[in-house]
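Where a number appears in this text, it was derived from the coordinates with a stated rule and is not lab data. As the structure is a computational prediction, the values presented were derived from the model and not from experiment. Glycine gets a Cβ as well: all are built from the backbone with ideal geometry, and neighbour counts include every protein chain shown.
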Ligand code: 5GP
Ligand code: MN
């Protein structure tokens, strides 16, 4: 990032419903650039889950709302550089998209999702298991690994840990563990991180999970599982992030290679879809084709403006008519 000049105004933008990697990589980069005395703002198009509220620097995130639209528009228009982090497409930044259209700033991409749009400057590697890896490489290329402190390391480690399914996915390699090791050397508290992300559930998260497990269906002949949660089945309040991870249960069934989760958050709201696969079946392509979504080969998401029952019917039709792996 040798193109940056000291006086530059930099805006970091992450995707809707930011996950651990979007938050970790952007916060790590924000803290790092601020240490170098750059003027940096970090904007999210929607709020983040409370499970991440302890992340270093997270209170600095400016979350788009009705009250701060003009303030955010001004920040974006005044920026010299806008960094788009952990996303490859403007459909992922919701309402912020319209502010970007009018901005003359240079657009920089830092991401690992396949098939990105073209940006002025690109730090992109679809083989990287997390965007946080790319941020680490950028800091390393600037010969500034000594600037990584415990806070930056914690943020990057969270991105790495969450996007690799806690160091399980086939995307990881020896560099992943080398970088994780370098971050651990900065004094991060691994158990604290794990405890806050995985041992901190409210009981309603488990109740949501129980609905999804009750509704789980297996299509044996195609090695597919799917499940759903209907808004009328939810009788208690829950937090953003409480449905995260539900998708994995269907994928963990023996012989299943493709799993889908349909979520109707509120009565008549569009259906949010999560897709996961094992091996060569590409859920990114599947989601792009049928659910105007995207993501990675083995983990993708999408959304559809149909009722839950219509959505499931639509999905089953696709599966029965032209499913071919
Ligand atoms: P999740 O199922 O956890 O919401 O998302 C899994 C992956 O798919 C993540 O990499 C996420 O960035 C991507 N993803 C989720 N929803 C969408 C979407 O609506 N559009 C696109 N392009 N990607 C998505
Ligand atoms: Mn990511």
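Points worth noting:
- As computed over the stretch 222-285, the Cα convex hull volume per residue (Å³): 104 Å³
- For the stretch 1-42, convex hull volume per residue from C-alpha positions, Å³: 64 Å³
- Antiparallel content of DSSP bridges confined to the stretch 203-322, in %, to 5: 75 percent
- Hypothetical label at residue 307: residues of the stretch 216-246 whose amide nitrogen lies under 15 Å (7 Å Cα-Cβ projection): 230-233
- For the stretch 203-322: span of alpha carbons on each principal axis (Å, largest first): 38, 30, 24
- Folded to 0 to 90 degrees: helix 20-35 orientation relative to the chain principal axis, Cα: 0 degrees
- Mean-position separation - Cα centroids, the stretch 89-165 and the stretch 46-64, in angstrom: 17 Å
- If you plug the beta carbon distance of residue 236 and residue 3 into 1/(1 + (r/R0)^6) with R0 = 41 Å, you get a FRET efficiency near 0.25.
- Annotation: the stretch 9-198 has a Kirkwood hydrodynamic radius of 16.5 angstrom, from the mean reciprocal C-alpha pair distance.
- Cα gyration tensor shape for the stretch 271-316, rounded if a/c is under 1.5, else prolate or oblate: prolate
- Restricted to Cα atoms, the chain shows a radius of gyration and a Dmax of 19.8, 61 angstrom.
- Among beta bridges from DSSP that stay inside the chain, the antiparallel ones total about 40%.
- The stretch 62-110: C-alpha gyration tensor shape, a/c 1.5 cut-off, then a/b vs b/c: oblate
- Annotation: Cα Rg of the stretch 72-146 relative to the compact-globule expectation 2.2 N^0.38 Å equals 1.16.
- For the stretch 157-198: rounded, prolate or oblate by the Cα gyration tensor [a/c cutoff 1.5]: oblate
- Listed peptides 207-213, 279-285 appear in the order 279-285, 207-213 once ranked by packing, highest mean of other Cβ atoms within 10 Å at the front.
- C-alpha long axis of helix 150-163 to longest principal axis of the chain, angle in °: 30 degrees
- Top of 295, 181, 159 by mean-square fluctuation, Gaussian network on the chain, Cα under 10 Å: 181
- Against the rule of thumb 2.2 N^0.38 Å, how large the Cα Rg of the stretch 1-96 comes out: 1.02
- For a modelled paramagnetic label at residue 253, 7 Å from Cα along Cα-to-Cβ, no residue of the stretch 279-308 is in reach, as no backbone nitrogen comes under 11 Å.
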